[in-house]
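Input: a single structure, listed below in structure tokens.
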Amino acid sequence: MQEWFNDFYATIAKTSLSHWLNTLPNQLDYWKKEAQHGEWPQWEKVLKNLPVTKTRHINVTNRVEIGLIEELSEGHQKQLTHLLKRLMPWRKGPFYLHGVHIDTEWRSDWKWDRVLPHISDLNGRQVLDIGCGSGYHLWRMRGEGAQLVVGIDPSDLFLAQFQTIKHYNPDPNVHLLPLGVEQLPELKAFDTVFSMGVLYHRRSPIDFLAQLKAQLRKGGELVLETLVIEGDVNTVLVPTDRYAKMRNVWFIPSCDALTLWLERVGFKNIRVVNKDVTSLDEQRSTEWMQTESLKDFLDPNDLSKTIEGYPAPLRAVFVADA
């Protein structure tokens, strides 16, 4: 585990992110000693038992496909499938790993297809993904030519899932750190910052947008994907208790309201490049995520509403300049 972070330290020491080394090692040391999830030892055991192979086939350009089925023996294939299922639930993907199709809850590739046509070319850029989950989009960003891709997410299960993929594709320029956005200093060094599916989980959305801006170099690009609601500049939904059975949804603004929030924290050239209603085909229960999913969160008699009576999930993609 320590080598994951040592490799990252060595990588950023040679970049405009070198000043992050003033705080990051202590934070990750604290995570290792004090803040790990109680199930981390079991997840770490999965990582240690993954079959070893010489992975020749790597495709992160139009999907995340690492290794071919013929690169593993039948016994190792069964072992790999068993170990991958010990890391359930798999929420963001899909992944194709040595012939094993990890059919995740979310078709994150669909979101990527909506986002990609509207953002600056990632070739040669330093990219940060805040709230990256298991890192599906990190690989797709690398597939678009990003020079360095960093994801942060405080979930240890997501870290274990990411490291499982990285076991078979040990790309030295793709990293995931078990951190929350509040642990980031003002790095002011990334060319592109992504935040997809996070804003509505933050109790203080304006502070969160300012934290995003603080990670970008001057002129860098923010790519923000979030839940929105129809309405004018003054329209913001604040759920009384839950939204789509989620307790941790605090503010869902209209596109006009969120544009104003972005302006207030200093973003420029703000544009809404996509709006899309989440479909039952994009988020659903699968063999790899067997608990409730979107269809269970909607009114069975009116799919345009959540089970609580709020408008069903509508997502928008914003692109803005720092």
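The values are calculated or read from the model by the stated rules, or taken from the named source; none is laboratory data. It should be emphasised that the depicted structure is a prediction, and the values quoted were computed from it without experimental measurement. Heads up, the Cβs are rebuilt from the backbone with ideal geometry, glycines too, and the neighbour counts pull from every protein chain shown. Protein only, heavy atoms only, side chains kept; ligands, DNA and RNA dropped before computing areas. Shrake-Rupley method; radii C 1.70, N 1.55, O 1.52, S 1.80 Å.
Would you confirm whether or not the stretch 181-195 contains a residue that is under 29 Å from Thr259 (Cα atoms), among the polar types (S, T, N, Q) and buried (at least 22 other Cβ atoms within 10 Å of the Cβ)? For the stretch 181-195, residues under 29 Å from Thr259 (Cα atoms), among the polar types (S, T, N, Q) and buried (at least 22 other Cβ atoms within 10 Å of the Cβ): present. In the set Leu303, Leu298, Leu258, only one residue is out of contact with any Phe, Trp or Tyr (no Cβ under 9 Å at 6 or more places or on another chain) and surrounded by 15 or more Cβ atoms within 10 Å (Cβ to Cβ); that residue is Leu298.
Each row is one residue, and each column tells you yes or no for (1) touching a strand residue (DSSP E or B) at 6+ places or on another chain (Cβ under 6 Å); (2) part of a loop (DSSP other than H, G, I, E, B); (3) modelled with pLDDT of 95 or more; (4) not charged (D, E, K, R).
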residue: Trp112; (1), (2), (3), (4): no, no, yes, yes
residue: Val115; (1), (2), (3), (4): yes, no, yes, yes
residue: Asp121; (1), (2), (3), (4): no, yes, yes, no
residue: Leu128; (1), (2), (3), (4): yes, no, yes, yes
residue: Trp139; (1), (2), (3), (4): no, no, yes, yes
residue: Gly151; (1), (2), (3), (4): yes, no, yes, yes
residue: Pro154; (1), (2), (3), (4): no, yes, yes, yes
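When Ile130, Ile206 are checked against the criterion of being among the β-branched types (Val, Ile, Thr), open to solvent by 40 Å² or more (accessible area, probe 1.4 Å) and over 18 Å from Asp7 (Cα atoms), a single residue qualifies: Ile206.
Give Ala146, Ala160 a once-over and let me know the one that is at pLDDT 95 or above and either among the charged types (D, E, K, R) or part of a helix (DSSP H, G or I) (or both). One residue alone meets the criteria, Ala160. Considering only the stretch 83-97, I want to know if a residue exists there that is of a type outside the set (Gly, Ala, Ser) and over 20 Å from Tyr136 (Cα atoms). No: zero hits. Being surrounded by 18 or more Cβ atoms within 10 Å (Cβ to Cβ) and assigned to a helix (DSSP H, G or I) is the filter here; which residues of the stretch 62-76 pass it? Of everything in the stretch 62-76, just one residue is surrounded by 18 or more Cβ atoms within 10 Å (Cβ to Cβ) and assigned to a helix (DSSP H, G or I), namely Glu71. Looking at Val115, Val100, Val46, just one residue is within 23 Å of Asn274 (Cα to Cα) and open to solvent by less than 20 Å² (accessible area, probe 1.4 Å), and that residue is Val115. Residue pairs whose Cβ atoms lie under 9 Å apart, sitting 6 or more positions apart in sequence or on different chains, and linking a residue in the stretch 217-236 that is over 19 Å from Cys132 (Cα atoms) and open to solvent by 30 Å² or more (accessible area, probe 1.4 Å) to a partner that is among the hydroxyl-bearing types (Ser, Thr, Tyr) and not in a loop (DSSP other than H, G, I, E, B), are Val233/Thr259. Consider the stretch 261-282 and keep the residues that are touching a strand residue (DSSP E or B) at 6+ places or on another chain (Cβ under 7 Å), in a loop (DSSP other than H, G, I, E, B) and not charged (D, E, K, R). The one that is surrounded by the most Cβ atoms within 10 Å (Cβ to Cβ) is Phe267. Among the residues of the stretch 7-24, the ones that are more than 22 Å from the chain's Cα centre (by Cα) and of a type outside the set (Ser, Thr, Tyr) come to 6 in all.
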